[in-house]
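The values are calculated or read from the model by the stated rules, or taken from the named source; none is laboratory data. If you're wondering where the values come from, they're calculated on a predicted model, not measured in any experiment. Neighbour counts are summed over all protein chains in view; Cβ atoms, including those assigned to glycine, are modelled from backbone coordinates with ideal geometry. Side chains are part of the model used for accessible areas, which takes the heavy atoms of the whole protein and leaves out ligands, DNA and RNA. Shrake-Rupley method; radii C 1.70, N 1.55, O 1.52, S 1.80 Å.
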Amino acid sequence: MERTAPVTHKIAILSSGKSRGSNLAAIHSYFAERKLPVEIALAVFTRSDSAAYDLASNLGICSLVIPAKDMQDFEQQVLKLIETNSIELIALAGFMKQLSAIFITQAQIPILNIHPALLPKYGGKGMFGMAVHEAVYAAGDKVSGATIHRVDPLYDHGAIIAQQEVDISECRSPEEVAKFVLKVEHGLYAPSIAKVLGIS
Ligand code: GRF
């Protein structure tokens, strides 16, 4: 009997502002290196002058720029793209905009986010980028980490899918904490996506 090739799961990445794209790159290489049937079929950026946009384009990922000045328009365009490209899951990576309840409902697919701390601690409005690591460091925490969670209309609030801790007791600055946590992020996001897609 002939073997049929596994169905490729198409996912989309959303990234806003001048994002770096390191999680996008980590997700891409995780699935490519393991030859797993998951493809970043679409990456949407809110501006083209970001490292993330260049990175995605260089990786041959279909990369589109949709300005997010008008969030309603942004969401409508993304919804259309999701449908036309048969996207099964959206992963936010460096996406700092709030998605509406209407978008989340209409998308009808899982939407995940990565947060550079152990939620529910250090989450919510204004808690992004270095602000998170500065707060963790100022509190004198010995452990930080990364969280993958489902997206709901509140910042950093949806159900937690995966969390990984990292010892930061040796860190001497918030920048060092950020470095330790980013390493954890890179190892956590792709396996969580695989889990939600049911391929792990
Ligand atoms: C990461 O720290 C992630 O946790 C947060 O935004 C940052 C994005 O970094 N949501 P990168 O663009 O993936 O390098």
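For the range 26-78, dividing the convex hull volume of the Cα atoms by the residue count gives 78 Å³ per residue.
Equivalent-ellipsoid semi-axes for the range 1-95 (Cα gyration tensor, √(5λ), whole Å, largest first): 25, 17, 9. Express the carbon and sulfur contribution to the solvent-accessible surface of the chain as a percent, rounded to the nearest whole number, probe 1.4 angstrom. Ligands and nucleic acids excluded, carbon and sulfur give 53 percent.
The residues of the chain expose, per residue, 52 Å² of accessible area to a 1.4 Å probe.
How much net charge surrounds residue 168 when only the other residues with a Cβ under 11 Å from the Cβ of residue 168 are counted, with Lys and Arg +1 and Asp and Glu -1? Taking every Cβ under 11 Å from that of residue 168, the sum is -2. Sparse packing (at most 16 other Cβ atoms within 10 Å of the Cβ) combined with a DSSP loop state is found for the following GluC sites (Glu not before Pro) in the range 135-199: 170.
In this entry, the range 105-200 is assigned a mean projected area of 6.1 nm², taken as a quarter of its C-alpha convex hull surface.
Amide H to amide H distances under 5 Å link residue 13 with 42, 43, 44, 91, where only residues 5 or more positions off or on other chains count and H is placed in the peptide plane. Scanning residues 5 or more positions from residue 162 or on other chains, those with amide H under 5 Å from its amide H are 148, with H placed 1.01 Å from N in the peptide plane.
Sorting 55-62, 32-39 by their mean Cβ neighbour count within 10 Å, with the most densely packed peptide first, gives 55-62, 32-39.
Spread over its residues, the convex hull of the C-alpha atoms of the chain is 124 Å³ per residue. Distance between the pseudo-spin-label points of residue 96 and residue 199 (7 Å out from Cα toward the beta carbon): 3.1 nm.
Remark: the range 59-100 projects, on average over all directions, an area of 3.6 nm² (convex hull of Cα atoms). Where both bridge residues fall in the range 39-155, DSSP classifies roughly 40% of the beta bridges as antiparallel.
Give me the net charge of residue 21's neighbourhood, meaning all other residues with Cβ under 14 Å from the Cβ of residue 21; Lys, Arg count +1, Asp, Glu -1. Residues close to residue 21 contribute a combined charge of 0.
The relative contact order of the range 67-200 comes to 22 percent, based on Cα pairs under 8 Å that sit 6 or more residues apart.
With a threshold of 32 Å on the Cα-Cα distance, the over-threshold entries among 80/121; 35/125; 18/121 are 80/121; 35/125. Placing unit charges on the Cβ atoms only, positive for Lys and Arg and negative for Asp and Glu, gives the chain a dipole magnitude near 120 debye about its Cα centre.
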